[in-house]
Each structure stands twice: as structure tokens, then as C-alpha cells.
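Down below is the structure, laid out as C-alpha cells.
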2 protein chains.
Amino acid sequence: MYSSLVAHIAKFVTLDESEKEVLCSLLTYEKFKKKEHLLKEGQSGNTQYFIVKGCTRQYIINEKGTEQTLQFAIENWWVTDYLAFHNNTSSQFYFQAIENCEAITLEKSNMEIVLEKVPKLEKYFRLVLQKSYGASQIRIKYLFTMSAEERYHNMNNRFPEFMQRVPQYMVASYLDFSPEFLSKIRAGKT
Amino acid sequence: MYSSLVAHIAKFVTLDESEKEVLCSLLTYEKFKKKEHLLKEGQSGNTQYFIVKGCTRQYIINEKGTEQTLQFAIENWWVTDYLAFHNNTSSQFYFQAIENCEAITLEKSNMEIVLEKVPKLEKYFRLVLQKSYGASQIRIKYLFTMSAEERYHNMNNRFPEFMQRVPQYMVASYLDFSPEFLSKIRAGKT
DNA sequence: CGAAAATTTGACATGACTCAACTGGAGTGG
DNA sequence: CCACTCCAGTTGAGTCATGTCAAATTTTCG
């Protein structure tokens, strides 16, 4: 049940059997149907989610009432509002399944317990965060240096399969332009 | 010499004297004059910097040859290109002192040694990264939901002192618009 | 099959950029 | 301590990338 997480951890640190047991005793497993929310704005951000299967997005609703996708996540990524998680406040973001999903959940209080008992996991989570933060830095770089059209082509080249999985209007907001504009880019040049 | 870092760590985990000694034996201390670079694009990103004093920025040079500031950092922040640091590749960013600065440096190889000997620091760095990543998520949110003018006023309200310390053209590029435009915002409304 | 959601298309609007010229202040060196 | 330069900031005119809105079309899915 938790084997995909255990396998992911094994890429970074080596756990023995008893450590794995401690960890697994503190996890839960949840399924989310397409469009269901893992976490909503305003809810306590005290849980993080490891995506076992499927695809999720992080979004907000702006003052005009439209949704803006800030991030996607697929298999083997941890997601949550880390500022809320860090400060024990409520989430500023929605996290939603955009396909049927399965996720492993870890509450902050349980995380603290398991880190106490299995300190090796500090390294694991540090590395996961280091990678996520690095990805976030690059994302900002792309937003700053590329035009809307370039961002679209760049994403299309780097993640062609992914673009099939996700509705265009979510991609458009992820790349920070309107769905109509995306449609026009596609019309201009397959 | 390293007391500001030791104090910062103490906010997150408690080290005993011998642990502090191990840590300090693996650090170096560097001063940077205003406009000097801590790290340049293309150089190995194998070092992270803890800002003791002063202010730095992370920037890139875009295809038009103009600089774009992606992030500022002041006292008590760690900076580096974390993707490069993670993957042992070269930095995609410039990191530059915008005031005379003092920084504590930690090389990746030394970081690995100290984490081996003082595992408590895994927690410290995990928390630092968790916070940085959270801040980065929020930054993307602001870029997406606010107009250029709103981003300026928001920043002005939240960091009035900081705005005094930094040239306007850097603020403009940090907020992702032109210096001329910033000048016009200011003209329209103190 | 029908309703709702997603995408496309076109006309029009505008926020922000570019470029160029001007102003003012901070260093620098004679 | 003045004169000169240079860089940051300002201002205005013209432009363009992308947004908005509304209507038409296609796709999805109960």
C-alpha cells in the first residue's frame, strides 16, 4: 500500500524494516475522484500529500472569480501549502485532483513523530524540499524571461505527454495567460 | 565570527558546544563589496551562502541583455541556486551584493560532512528550505493575481524600509515590469 | 441524447513596453 | 571645491502583446 513511497525514499536514504514499519504506521491512504479536493483554501494546512497515482493541481481563485493554476503535481511529488504547513496556519491554496488520484497522507504531528524516531527521514525531506524549491526558482525564471507564446512552446517541448493529460484552460492559467490566447497560439502553429 | 549563524540555528534546533565546533570548522567567512558577485551564472553552484550582513539579489541576464532580479535576500537568509546545488551543476543565476556584505559560506561537500556528524542539522536545513519554498509559492501567487501597480503597492506596504535600501530599477525588474513604468506609478500617487 | 463544459474565433480595448530625450544627484579627479 | 561624467530616475509619444467579451462550435459525460 505504501510501497511507492518507500521506493521513493529508498532513492535518497536507506531504511531498515523496523523504520519502514514506524513510518507506515503513521501514514494514511486516500483516494480522490477527479475534481475532488485534497485540500481547500481556508482549511488547516497541517497535512502533506504524496501523489501515488494521478495528477493534481494547486490553484487559487482571484478577485475576478476565475481559477488560476499555480502548479501541477504528478506521481512521486509531495504537495501542500508549505507556508501554512510550516506556520500551522490555514492553506492559501486549493489542491485538486484533475484525474482520479491516490495519495499517501502525512499529518504534521505524525511527521514530527516519525522524524523523531527515524532521523534519516530528515535528510529525505530536506532533499525533497531542496528539489522542489529549485524547481520553483526555475519556474519563476521562465515566467520572467519568456513571452506567453514561448512559455507555451517550451512546455509543449518539455512535457508533451503531460499536455495531453490536462485541459487547456488549466495549462493557460498555469502559464499565466487566457484560454483564448492559448487557442490562438495553437491556431497559428500546430 | 559565526555567531549569527549559530544564533539562527538555535531558533530551530539545539546544538551542544562540540557540535557547534564541528560546524564552525567547516565554514568560511567572506566579505563582498557592493556590486561584487557571490556566485555567477556558469560557475559551479556547489556552495550556499548565509547572509550575515547586507543585502544581495539573484538575477539573470535575458536575451535582450538586460538584468532581471528574481529574488532579494537579507540578513539570515541562505542563498544559492538550489537546483544546481542539488544536481552538482553550474548556476543558472547571478548572485550579487547590492550593499557591502558579509556572508558565511558552506560548500556542499562540507555540508555533507557536517550533516553526517551533526544530524540535527538535517532538521535545521529542512526547515529553512520549507520556509524558502513556502515563500516562493507565495511569490508566484502574487505575480499571478496582482497587476503591476498592485504588486508595487503591496511591496511598498509590506517592506517600506527595504524599498529605501534598493535601487528602483532592481525593484522594477523584481516585480516584473520596466523601470519607466515604476516611475509612472510613483508619479501618479506618492 | 442532451446539457454542460471546453475550445475556438473575431472585434475591440488596454496595460505595460520601447525608445528617446531630459533632469538631477553622486562620485571622481584635477 | 568646482566641473564633468555617468548612472538612476522621469516624462511623453507611439506601439504591441495579450486581455476581455460575446457568440459560435465542439467535446465530454451523465
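The values are calculated or read from the model by the stated rules, or taken from the named source; none is laboratory data. Given the structure is predicted, the values throughout are model-derived calculations rather than measurements. Cβ coordinates were reconstructed from backbone atoms using ideal geometry, including for glycine residues, and neighbour counts include every protein chain displayed.
In region B:157-190, how many residues are over 20 Å from B:ASN100 (Cβ atoms), more than 8 Å from DNA strand D (Cβ to nearest atom) and charged (D, E, K, R)?
Selection size over region B:157-190: 3.
So A:GLU149 passes all but one of these: (1) within 10 Å of another protein chain (Cβ to nearest Cβ); (2) over 29 Å from A:ALA10 (Cβ atoms). Which condition number does it fail?
Condition not satisfied by A:GLU149: (1).
For the list (1) more than 19 Å from the chain's Cα centre (by Cα); (2) more than 15 Å from DNA strand D (Cβ to nearest atom), I need the number of the one condition that B:TYR133 fails.
The failed condition is (1).
Using the structure shown, decide if B:GLN130 is at pLDDT below 95 and either away from DNA strand C (no atom under 16 Å from the Cβ) or surrounded by 14 or more Cβ atoms within 10 Å (Cβ to Cβ) (or both).
In short, yes.
Name the one entry in A:ILE138, A:ILE104, A:ILE113, A:ILE74 that is more than 16 Å from DNA strand C (Cβ to nearest atom), more than 10 Å from chain B (Cβ to nearest Cβ) and modelled with pLDDT under 95. Talk me through it step by step, then tell me what you get.
On the way: A:ILE138 fails: more than 10 Å from chain B (Cβ to nearest Cβ); A:ILE104 fails: modelled with pLDDT under 95; A:ILE113 fails: modelled with pLDDT under 95.
A:ILE74 is the lone residue from the list that is more than 16 Å from DNA strand C (Cβ to nearest atom), more than 10 Å from chain B (Cβ to nearest Cβ) and modelled with pLDDT under 95.
State all residues of region B:149-175 that are crowded, with 17+ Cβ neighbours inside 10 Å and within 11 Å of DNA strand C (Cβ to nearest atom); if no residue qualifies, say none. Outline the logic, then answer.
The first filter runs over region B:149-175 and keeps only residues crowded, with 17+ Cβ neighbours inside 10 Å, leaving B:151-152, B:155, B:166, B:170-175.
Correct list: B:ARG151, B:TYR152, B:ALA172, B:SER173, B:LEU175.
For a quick check of your reading of the model, give me the residue pairs whose first member lies in region B:161-179 and is away from every other protein chain (no Cβ under 14 Å), whose second is near DNA strand C (Cβ under 9 Å from one of its atoms), with beta-carbon atoms closer than 6 Å and at least 6 apart or on different chains.
B:GLN168/B:LEU182; B:TYR169/B:PRO179; B:PRO179/B:ALA172
Could you tell me which numbered condition B:LEU15 fails, if it satisfies all but one of (1) closer than 30 Å to A:SER147 by Cα; (2) modelled with pLDDT of 90 or more?
(1)
I'm trying to understand the selection: among the residues of region A:40-51, which are away from chain B (no Cβ under 13 Å) and not in a loop (DSSP other than H, G, I, E, B)?
Of all residues in region A:40-51, those away from chain B (no Cβ under 13 Å) come to A:40, A:42-44, A:46-47, A:49-51.
Those that are away from chain B (no Cβ under 13 Å) and not in a loop (DSSP other than H, G, I, E, B): A:SER44, A:THR47, A:TYR49, A:PHE50, A:ILE51.
Against the condition within 14 Å of chain B (Cβ to nearest Cβ), within 17 Å of the chain's Cα centre (by Cα), over 18 Å from B:ALA135 (Cα atoms) and touching a residue at least 12 places away in the same chain (Cβ under 8 Å), how does A:GLU30 come out, does it pass? Break it down stepwise before answering.
Values: within 14 Å of chain B (Cβ to nearest Cβ): no; within 17 Å of the chain's Cα centre (by Cα): yes; over 18 Å from B:ALA135 (Cα atoms): yes; touching a residue at least 12 places away in the same chain (Cβ under 8 Å): yes.
Judged against the criteria, A:GLU30 is not a match.
Among the residues of region A:98-124, write down those that are without any contact (Cβ under 8 Å) to a residue 24 or more places away in the chain and surrounded by 17 or more Cβ atoms within 10 Å (Cβ to Cβ).
Narrowing region A:98-124 to residues without any contact (Cβ under 8 Å) to a residue 24 or more places away in the chain: A:112, A:115-116, A:119, A:122.
Residues satisfying the conditions are A:LEU115, A:GLU122.
Return the residues of region A:75-97 that are surrounded by fewer than 16 Cβ atoms within 10 Å (Cβ to Cβ) and within 20 Å of A:GLU161 (Cα to Cα); say none if nothing qualifies. So that I can check it myself, show each step before the final result.
Initial filter on region A:75-97 (surrounded by fewer than 16 Cβ atoms within 10 Å (Cβ to Cβ)): A:75-76, A:87-90.
Result: A:GLU75, A:ASN76.
So, in region A:52-68, exactly how many residues are more than 9 Å from chain B (Cβ to nearest Cβ) and assigned to a strand (DSSP E or B)?
Residues meeting the conditions: 7.
Evaluate the following for A:GLU99: is it within 12 Å of another protein chain (Cβ to nearest Cβ) and either assigned to a helix (DSSP H, G or I) or within 16 Å of DNA strand D (Cβ to nearest atom) (or both)?
no
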